[in-house]
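Read through the structure below, which is laid out as structure tokens, and then see the notes.
The values are calculated or read from the model by the stated rules, or taken from the named source; none is laboratory data. The shown structure was predicted, so the numbers you read here are calculated from the model rather than taken from an experiment. Here the Cβ is made from the backbone with ideal geometry for all residues, glycine too, and neighbour counts use every protein chain on show.
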Amino acid sequence: MLNPELCTTQPDEQLQLSVIIPAKNEAPSIFSTLKALYDQVDADGKPLNKRHYELILLVNNCTDDTARIARQFAYNYPDLALHIIEKHFPPKQAHIGYVRRILMDEAFFRFSLLRRPRGVIASTDGDSTVGSTWIFYILKSFAEGLDAVGGRILTIPQSSDYRWYHLMDVKYRFLLARLETLIDPLPHDPWPKHFQFFGPSLAVSAKLYEQAGRLPVVPYLEDLYFYHAIQKVDARIRHCPQVEVYTSTRQQGRASLGFSRQLQDWASMRRRGELPEVAGAPECQFRLYLRNRLRTIWHDASYAQLTNLSQHIGVSLHEFYEQMISTCYFGTFLDGVMQSEKIQDYLLRHFHPVPIDQAIRQLSQQLPLIYTRSAVRSSPPTDPACIAHAAGDEGALAVG
């Protein structure tokens, strides 16, 4: 039975992907958002079959012409299934977490009607414009057996107080993504890859959406909480560089925390002459080597290896053995270890944040060394005894 307050027509029998779009006062951008989704093509430039995907647009708490523009679009392009829902939520519910949850739940429900657990729920935003092959590469990833896809989120270059900070943040996170592929590589997420899994460009199977407990209803950072939830159930996640979207760089966002707030913070730091502080190369290497070692221990279910690891890093992990052998998810086991008071205390005692430019220099120097070492050996070194000191003295690394 359909929900009379949401989509009022049955899903197409050929439906493979449902795009959900939250929109609040997006009159300037909503046409571009919808047109980009209408104009989807495959890798050869051939238009996609529009029976294979649909759009679910929830226009909430608007005071502009967003809904009118969307209705006119649906009238002009009737060959694409565009479901337009208008709602005015009370203040406690008028936030992106609640709106995106309603939309993803509706997409999940529609795939349930079709009995299609591998149906794809894809998310973007009303101020974002997807690339022309966005849907094609998402579906291609799922056809290869993946459970979730994070798309590359780009911003339109412009002169601003935060631009330099944003570019530094992107470079830092790409270096971390490369470091991850060298120290703890995942076969389903190889290099080249990126680091993003956010609301403007993410996709999950209907089965995984239910398995992870659905999108958390929180007023902001709902995509980060959801990403953490799917990691805990060992989802095969691909950070696909071909899945691209351009998004707004407005600093007056719809949530009190998120990308818009980050832009505001960077602009303020720029005016004060400050730099963000992040985890340096030694800490990043420690975390990744530890994760790699724990992955091996979990697969072998070896108490002896866990004891050996405890001795190397000087932190007792024996209490996690029961959890290790009782859970069917490595992600749940890893989260329990990394969030434990003992590991958190170890990180605080051995590492400290560094300015982001210093961290970039550290990582840029260490990556060639790690790459060479991993190329010579069958796998990256996983002995945590030297992890904390693998990058040498932080002061010596901070050159330039």
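Quick check on residue 107: is it modelled with pLDDT of 95 or more, more than 21 Å from residue 210 (Cα to Cα) and in a helix (DSSP H, G or I)?
When the stated conditions are applied, residue 107 does not pass them.
If I filter region 110-126 down to residues being of a type outside the set (S, T, N, Q) and part of a helix (DSSP H, G or I), which single residue comes out as surrounded by the fewest Cβ atoms within 10 Å (Cβ to Cβ)?
113
Is it the case that residue 349 is exposed (fewer than 15 other Cβ atoms within 10 Å of the Cβ) and either closer than 27 Å to residue 171 by Cβ or outside the structural domain of residue 233 (by TED's automatic domain parsing) (or both)?
It is true that residue 349 is exposed (fewer than 15 other Cβ atoms within 10 Å of the Cβ) and either closer than 27 Å to residue 171 by Cβ or outside the structural domain of residue 233 (by TED's automatic domain parsing) (or both).
Which residue pairs have Cβ atoms closer than 9 Å, lie 6 or more positions apart in sequence or on different chains, and pair a first residue in region 7-22 that is loosely packed, with under 11 Cβ neighbours inside 10 Å with a second residue that is modelled with pLDDT under 95?
Close Cβ pairs satisfying both conditions: 8/2; 9/2.
Could you run through region 200-212 and say how many residues are in a helix (DSSP H, G or I), touching a Pro at 6+ places or on another chain (Cβ under 8 Å) and crowded, with 17+ Cβ neighbours inside 10 Å?
1
Picking from 49, 76, 61, 25, which residue would you name as being assigned by TED's automatic domain parsing to the domain that holds residue 207 and in contact with a Cys (Cβ under 6 Å, 6 or more places away or on another chain)?
25
Out of the residues in region 128-140 that are buried (at least 23 other Cβ atoms within 10 Å of the Cβ) and outside any strand (DSSP E or B), which is nearest to the chain's Cα centre (by Cα)?
So, considering only residues that are buried (at least 23 other Cβ atoms within 10 Å of the Cβ) and outside any strand (DSSP E or B), the one nearest to the chain's Cα centre (by Cα) is 138.
When you check residue 183 against the structure, is it closer than 30 Å to residue 67 by Cβ and modelled with pLDDT of 95 or more, yes or no?
no
Listed here are the residues, each with its yes/no results for (1) in a loop (DSSP other than H, G, I, E, B); (2) free of Cβ contacts under 8 Å to residues at least 60 places away in the same chain.
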| residue | (1), (2) |
| --- | --- |
| 146 | yes, no |
| 166 | no, no |
| 169 | no, no |
| 179 | no, no |
| 190 | yes, yes |
| 193 | yes, yes |
| 197 | yes, yes |
| 214 | yes, no |
| 239 | no, no |
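Checking residue 352 against (1) modelled with pLDDT of 95 or more; (2) more than 14 Å from residue 283 (Cβ to Cβ), which single condition isn't satisfied?
For residue 352, the exception is condition (2).
Would you tally the residues in region 279-310 being without any contact (Cβ under 8 Å) to a residue 60 or more places away in the chain and polar (S, T, N, Q)?
5
Yes/no per residue for (1) out of contact with any Gly (no Cβ under 8 Å at 6 or more places or on another chain); (2) at pLDDT 95 or above:
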| position | (1), (2) |
| --- | --- |
| 193 | yes, yes |
| 206 | no, yes |
| 215 | no, yes |
| 228 | yes, yes |
| 238 | no, yes |
| 262 | yes, no |
| 276 | yes, no |
